[in-house]
Amino acid sequence: MRTDIFARLDREPEPPKIEVPRMTRTRLALFGGTLAFYLAIVVAVLLSTWLVTLDWKIMLFRPYQQWPDLHAFLDYYVVLGQRGPTAVMVAAWLGWRSWRQHTLRPLLTLGAALLLLNVTVGAVKLGLGRLGPHYATQIGSAELFAGGDIFPSGHTANAVVTWGILAYLATTPRARRYLSALSAVVALGVGLTTVYIGTHWLSDVLLGWAAGLLILLALPWCEPLISRVEAMVLSARDRLREQLRARRRLVPSLPVATGGPRPAMYPQRPAAAEEPVREIVGARSGRAAATRGDGRLTPPLTAPRPHAAHAGHGGHAGHAGHTPRSERTPVTPAGSRRPPHSRPLTGG
C-alpha cells in the first residue's frame with residue numbers, strides 16, 4: 001500500500017460515501033434573501049433610481065484611464081469569468097474526480113449548474129435588453145429595452161457558478177470553507193474588473209453576483225434528478241458491457257497448433273473448376289494430314305519405329321510396331337496453364 005502523497009491520486013477501490021448537500025433552513029433563508037436582493041436590483045434599474053445614477057458616475061470616471069497600469073493584467077484576469085475557458089478547466093478537474101471516485105455526480109452537477117445559468121441569465125439579458133457603457137446614448141438613462149445583452153453580467157455570474165461549484169462538491173467541511181472563500185474572491189475580482197474595463201455597469205455586476213449565488217443555493221433541489229440520471233447512465237453502461245461480453249462468448253475458439261496456420265475468419269472463395277485436358281499440337285498433327293503450300297496433302301508425321309528395320313532378323317515381326325516408352329507422345333497433365341491455340345498450326 002502506498003503511503004506517499006501521490007497515493008491520493010490513485011483511483012479509489014470503491015465509490016466513497018460523500019454527503020450530498022441538502023436544502024436546510026439556513027440555505028433556504030440565504031436563497032430567499034438573495035432572491036429579494038436580485039429583485040430589488042432589477043426594480044431599481046427599471047425605475048432609474050440612485051443606482052442608475054451611480055452607474056453613470058463610475059462610467060464617466062473611467063477607471064481604466066485613472067489606473068492605466070492595471071489594464072494589461074486585468075485583461076488576462078477577466079478570462080477567469082469567461083464561460084468557455086473556465087468550463088473546460090473545471091470540467092477537466094471534475095472529470096478526473098468522477099473517474100477516481102467511480103461516480104458521475106461531479107460532471108452532472110456542473111452540467112446542471114451551467115444549464116440553469118444559461119437559461120436564467122440569458123432570459124433576463126434578452127428580456128431587458130440593456131446597453132453597455134460603451135454603447136450608451138443618453139446620460140442618466142438606464143438604457144433598457146434597446147437591444148443589448150449585458151444585464152446581468154454574464155462574466156460575473158459565470159465566475160460565481162464555475163468556481164463555486166468546486167466548493168459545493170468538496171468532500172470535507174474544511175475544504176468547502178476554503179474553496180467558498182477562494183471562489184468568492186475570484187468572482188468579486190472578475191466583476192470589478194468588468195467595471196474597470198468599462199464593459200459593464202456596476203448594477204450589472206451586482207445582479208450577476210446574485211444570479212450566480214441563486215444557482216448555487218438551488219442545486220440541492222436538483223440532486224434527486226442528478227441521482228436518477230446517473231443511475232440511468234451507469235445501468236446503460238453495464239448493459240452495453242454485458243452485450244459485448246456475450247458477443248465475445250459466441251465467437252468459436254478453434255485450437256491452433258504451434259507454428260501452424262490459423263483458422264480462416266472469413267469464408268474462402270470456392271476453388272475454380274479444373275481446366276479440361278488439352279492436347280498438344282504434336283498429337284493433333286500426328287492424326288491429321290498437313291496441307292502443303294501447293295494444295296497437295298502430305299502424309300501425317302509419325303514417330304520413327306526403330307524395331308521395324310530389324311523385323312526379319314529377330315523373328316519378331318509381330319512386335320515390329322511396338323513403340324518404346326521414351327518415344328510415346330507426351331500427355332498434358334490436368335490443369336495445365338498452357339494457353340490453348342486458337343487455330344491449328346499449318347506446315348509450310
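The values are calculated or read from the model by the stated rules, or taken from the named source; none is laboratory data. Since the structure is predicted, the reported quantities are computational estimates derived from the model, not experimental observations. Positions of Cβ are generated from backbone atoms using ideal geometry, with glycine treated the same way; all protein chains shown enter the neighbour counts. Calculation scope for accessible area: heavy atoms of the full protein, side chains included, ligands and nucleic acids excluded. Shrake-Rupley method; radii C 1.70, N 1.55, O 1.52, S 1.80 Å.
A few remarks follow.
- Scanning the stretch 181-219 for residues that are hydroxyl-bearing (Ser, Thr, Tyr) and either over 17 Å from LEU30 (Cβ atoms) or not in a helix (DSSP H, G or I) (or both) gives THR193, THR194, TYR196, THR199, SER203.
A quick yes/no check of all residues on (1) at pLDDT below 95; (2) over 24 Å from LEU128 (Cα atoms); (3) open to solvent by 60 Å² or more (accessible area, probe 1.4 Å):
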{"position": "ARG8", "(1), (2), (3)": "yes, yes, yes"}
{"position": "GLU19", "(1), (2), (3)": "yes, yes, yes"}
{"position": "ILE41", "(1), (2), (3)": "no, no, no"}
{"position": "ARG62", "(1), (2), (3)": "yes, yes, yes"}
{"position": "PRO68", "(1), (2), (3)": "yes, yes, yes"}
{"position": "GLN82", "(1), (2), (3)": "yes, no, yes"}
{"position": "TRP96", "(1), (2), (3)": "yes, yes, yes"}
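- Qualifying residue in the stretch 170-191 (condition: more than 30 Å from ARG22 (Cβ to Cβ) and either at pLDDT below 95 or open to solvent by less than 60 Å² (accessible area, probe 1.4 Å) (or both)): yes
- Test: VAL88 is modelled with pLDDT of 90 or more, of a type in the set (Val, Ile, Thr) and open to solvent by 80 Å² or more (accessible area, probe 1.4 Å): yes
- Picking from residues in the stretch 21-36 that are among the β-branched types (Val, Ile, Thr) and surrounded by fewer than 11 Cβ atoms within 10 Å (Cβ to Cβ), the one that is farthest from CYS222 (Cα to Cα) is THR26.
- Residues satisfying the stated conditions in the stretch 43-59, i.e. open to solvent by 80 Å² or more (accessible area, probe 1.4 Å) and without any contact (Cβ under 8 Å) to a residue 12 or more places away in the chain: LEU47, TRP50, LYS57
- Verdict on VAL124 being among the hydrophobic types (A, V, I, L, M, F, W, C) and closer than 30 Å to LEU234 by Cα: no
- Scan of the stretch 101-138 for residues that are over 18 Å from ALA167 (Cα atoms) and of a type in the set (Lys, Arg), ordered by number: LYS125, ARG130
- Scope the stretch 112-167; condition hydroxyl-bearing (Ser, Thr, Tyr) and buried (at least 21 other Cβ atoms within 10 Å of the Cβ); matching residues: SER153, THR156, THR162
- Residue match in the stretch 169-180 (condition: outside any loop (DSSP other than H, G, I, E, B) and touching a residue at least 60 places away in the same chain (Cβ under 8 Å)): no
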